[in-house]
Amino acid sequence: MTTTAASDLKQLLRKLNPRLNAGVYVFVTLADGQHLDASGVVATVREPEGTSVVVAAGAAAAAGFPPSPPFVWITLSVHSELQSVGLTAEFSRALCKAGIGCNVVAGTQHDHIFVPAGQAEAAMSELRALQSGEREC
């Protein structure tokens, strides 16, 4: 189902609705010619050094990738316009103030945040507080 994209920052924050997805994810780099079962892949970015992939930790381990820091995947359920201004700055600032690092991937429908697995609940709490207006950035 496609929804109408929003661009007003205050509206975007009110409708943030963060959702913690199941599973643990890692970032790996595929060298040219190297392949990975796509069923566990969440996102890819082509870079000069290879293709960066966000993938389920189990799929990465099964493919023989060395262990790497585990992340959880949070989806912001609000449908933001790709050209909206300020949403990424606001949620990353809120997480920064809480000492939580984040890696962001934007899809055409939603923004996706990957935070260290041990900080999942703290990140969700900060994002909910941002949505409710309890946190001003």
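The values are calculated or read from the model by the stated rules, or taken from the named source; none is laboratory data. Keep in mind that this is a model prediction, so the values were computed, not measured. As a convention, Cβ positions derive from the backbone with ideal geometry for all residues, glycine included, and neighbour counts pool all protein chains shown.
Is it true that Ala62 is without any contact (Cβ under 8 Å) to a residue 40 or more places away in the chain, of a type in the set (A, V, I, L, M, F, W, C) and in contact with a Ser or Thr (Cβ under 9 Å, 6 or more places away or on another chain)?
Spelling it out, it is not the case that Ala62 is without any contact (Cβ under 8 Å) to a residue 40 or more places away in the chain, of a type in the set (A, V, I, L, M, F, W, C) and in contact with a Ser or Thr (Cβ under 9 Å, 6 or more places away or on another chain).
In segment 14-39, how many are within 26 Å of Leu127 (Cα to Cα) and within 17 Å of the chain's Cα centre (by Cα)?
Residues that pass the stated criteria total 13.
May I ask you to say which residue of Ala123, Ala60, Ala98 is farther than 22 Å from Gln11 by Cα, in contact with a strand residue (DSSP E or B) (Cβ under 6 Å, 6 or more places away or on another chain) and either surrounded by 14 or more Cβ atoms within 10 Å (Cβ to Cβ) or not assigned by TED's automatic domain parsing to the domain that holds Asn17 (or both)?
Details: Ala123 fails: farther than 22 Å from Gln11 by Cα; Ala98 fails: in contact with a strand residue (DSSP E or B) (Cβ under 6 Å, 6 or more places away or on another chain).
Among Ala123, Ala60, Ala98, only Ala60 is farther than 22 Å from Gln11 by Cα, in contact with a strand residue (DSSP E or B) (Cβ under 6 Å, 6 or more places away or on another chain) and either surrounded by 14 or more Cβ atoms within 10 Å (Cβ to Cβ) or not assigned by TED's automatic domain parsing to the domain that holds Asn17 (or both).
Quick one: in segment 65-90, of everything that is in contact (Cβ under 8 Å) with a residue 60 or more places away in the chain and in contact with a Leu (Cβ under 6 Å, 6 or more places away or on another chain), which residue is farthest from Pro18 (Cα to Cα)?
In this case the residue turns out to be Gly86.
For segment 13-22, state whether one or more residues are in contact with an Asp or Glu (Cβ under 6 Å, 6 or more places away or on another chain) and either outside the structural domain of Phe114 (by TED's automatic domain parsing) or of a type outside the set (Val, Ile, Thr) (or both).
No, the conditions are met nowhere in segment 13-22.
Since Val72 meets every condition but one in (1) among the aliphatic types (A, V, I, L, M); (2) closer than 18 Å to Ala122 by Cα; (3) assigned to a loop (DSSP other than H, G, I, E, B), which condition does it not meet?
(3)
Between Phe65, Phe114, Phe91, which is crowded, with 16+ Cβ neighbours inside 10 Å and out of contact with any strand residue (DSSP E or B) (no Cβ under 6 Å at 6 or more places or on another chain)? Can you show your working first?
Details: Phe65 fails: out of contact with any strand residue (DSSP E or B) (no Cβ under 6 Å at 6 or more places or on another chain); Phe114 fails: out of contact with any strand residue (DSSP E or B) (no Cβ under 6 Å at 6 or more places or on another chain).
On inspection, the qualifying residue turns out to be Phe91.
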